[in-house]
Structures are given as C-alpha cells and as structure tokens.
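The values are calculated or read from the model by the stated rules, or taken from the named source; none is laboratory data. Bear in mind that the values here come from a model prediction, so they are computed numbers and not experimental data. Please note: Cβ atoms are built from the backbone with ideal geometry, for glycine as well, and neighbour counts cover all protein chains shown.
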Amino acid sequence: MLADTLFRALKASCQADWDAFVGHSFVRQLADGSLPKDCFRHYLTQDYIFLIHFSRAWALAVYKSEHLDDLRQAAKVVDGLLNHEMALHVSFCAEWGLSEAEMAATPEASGNHAYTRFVLDKGMSGDLLDLLVALSPCVMGYAEIGEALAEDPATVKDSNPYLPWIETYAGKDYQEVARAAAEQLERVAARRIGEDVMSSGRWPALAETFKVATRLEIGFWDMGLTP
C-alpha cells in the first residue's frame, strides 16, 4: 500500500476544493512572479503567526500520541518548526524588510484565526487521527504546490522574487517532511480503524474535516491577496 493512500482518498473526496487550493490565484502569481509585493509581505507576517499556532497543534499531537513512534514523529515536527523553520522564516522575512518584532506585533487576520483554531479544536475534541487529518492539507498541500511549480515549465525562474519560496517547498527537506506526515497519517489510521478507512463509520467525519481544512487553506490564500 502506498504511504499516501489515505491522503489521496481524502483529496479525492473534495477534489474541486483541493484543486482550488493548489491552483489558487495566489499560487499562480507566485509562479509567474506577478504577485504584488505588499500581498506577499502580508502573507509572510500572517504565516509567522500561523507557524506559532501550527507548532501548538503539533505539540498537541505529542500529547495525543499513544505509540512511541508517533510521539517521536510529532516531537520531531515540533522541534523542526520551533527551532529551525521559524528561524528560516524570520531570516527570509528579513530579506523583505520585516523584523520578527514587527511580525509578532501584527494583528492576526480573521482567516488565519479561523484556520488555526479549527485545527486546534479538532485536536482537542478528537483523537490523534482527527488532528492529523486537519493538519494534512497544509503539510502535504505545500509540498504538492512546491513540487508542481518547480516542475512546471511555465514557472518563471529568472528574476522571480518568489523563487526561493518555491524552492523551499519543492526541496528535499520539505518533501521528506511531507512524506513522513503521509506515512504517519496512514499508520495512525490503520491502528485505529484498520486498512479500509473509507468503509468505516469514521470516514464521513474525517472527510469533512479534511474538506473544511482545505477550504480554510483557500481562505488563507484569499487573505494573502487582500493586505
């Protein structure tokens, strides 16, 4: 069984929403370099806030884990987010004239708040599987976007100010993070439900969680276009 079988099924359950997320106007404008710089700066400040709450959600995954391999995997992600990705994000934002103090003082946009609190609520009210499903559109979606843009011949490479962003999510390190997340999602689902997740009584709720999280990702891109 492929490591992303469940993830593929979740995407297929809301394919139109998924396509709208990975093919959003914000993404297309990153690819051709036409995204207004004020929009990207707004996105970066909100993404800084998002990463803080995303770290909290993965910390919750540590608590929700019942097996040592899942606990270690979630703890590894928390460490990566707080001690590595946040530092890279701050460094990248500095190149755009944004200081960490300035980003930390930025009010959280409503779309950001809605998305992060939805994920945390799913984790608090459900089990590890509910939380991982809510997290997966972001983790795996950015990997899919980065890889697709990097391989698309229409993506502008010369003088595109957003090429470093694309290369980050297309890069080996992030692709490995997404692969590990897909494997964990598959593993946790098999332990809790069995191999045939789609025939289980939990499938409708899991698919709904994934769909809502995907739509909130679309809302995050929308937010980026309206600084």
I'd like the residue in the range 29-44 that is over 18 Å from the mean Cα position of the chain (by Cα) and of a type outside the set (Gly, Ala, Ser) and, out of all such residues, is surrounded by the most Cβ atoms within 10 Å (Cβ to Cβ).
LEU35
Count of residues meeting criterion [surrounded by fewer than 21 Cβ atoms within 10 Å (Cβ to Cβ), under 25 Å from LEU81 (Cβ atoms) and of a type in the set (A, V, I, L, M, F, W, C)] in the range 194-220:
2
Being under 25 Å from TYR63 (Cα atoms) and not polar (S, T, N, Q) narrows it down to one of ALA170, ALA190, ALA143, so name that one.
ALA190
List the pairs whose first member sits in the range 199-210 and is among the acidic types (Asp, Glu), whose second member is in a helix (DSSP H, G or I), and whose Cβ atoms are under 9 Å apart, counting only residues at least 6 apart or on separate chains?
GLU208/SER13
Go through (1) in contact (Cβ under 8 Å) with a residue 24 or more places away in the chain; (2) surrounded by fewer than 16 Cβ atoms within 10 Å (Cβ to Cβ) for TYR142 and report which single condition fails.
(2)
Among the candidates ASP70, ASP17, which residue alone is modelled with pLDDT of 95 or more, among the acidic types (Asp, Glu), surrounded by 15 or more Cβ atoms within 10 Å (Cβ to Cβ) and within 19 Å of VAL212 (Cα to Cα)?
ASP17
Out of (1) surrounded by fewer than 17 Cβ atoms within 10 Å (Cβ to Cβ); (2) in contact with a Cys (Cβ under 8 Å, 6 or more places away or on another chain), the odd one out for PHE54 is which?
(1)
Which of (1) modelled with pLDDT of 95 or more; (2) in contact with a helix residue (DSSP H, G or I) (Cβ under 8 Å, 6 or more places away or on another chain) does TYR174 not meet, given it meets every other one?
(1)
Regarding ASP121, is this residue modelled with pLDDT of 95 or more, surrounded by fewer than 21 Cβ atoms within 10 Å (Cβ to Cβ) and closer than 24 Å to HIS53 by Cα?
yes
Across the range 73-99, what is the total count of residues that are under 22 Å from PRO137 (Cα atoms) and surrounded by 14 or more Cβ atoms within 10 Å (Cβ to Cβ)?
12
Test for ASP47: is it closer than 19 Å to HIS89 by Cα and acidic (Asp, Glu):
yes
On the given criteria, is PHE26 farther than 16 Å from LEU135 by Cβ, of a type in the set (A, V, I, L, M, F, W, C) and either surrounded by 15 or more Cβ atoms within 10 Å (Cβ to Cβ) or in contact (Cβ under 8 Å) with a residue 12 or more places away in the chain (or both)?
yes
All positions within the range 157-193 that are of a type in the set (A, V, I, L, M) and either within 30 Å of SER65 (Cβ to Cβ) or surrounded by fewer than 17 Cβ atoms within 10 Å (Cβ to Cβ) (or both):
ALA170, VAL177, ALA178, ALA180, ALA181, ALA182, LEU185, VAL188, ALA189, ALA190, ILE193
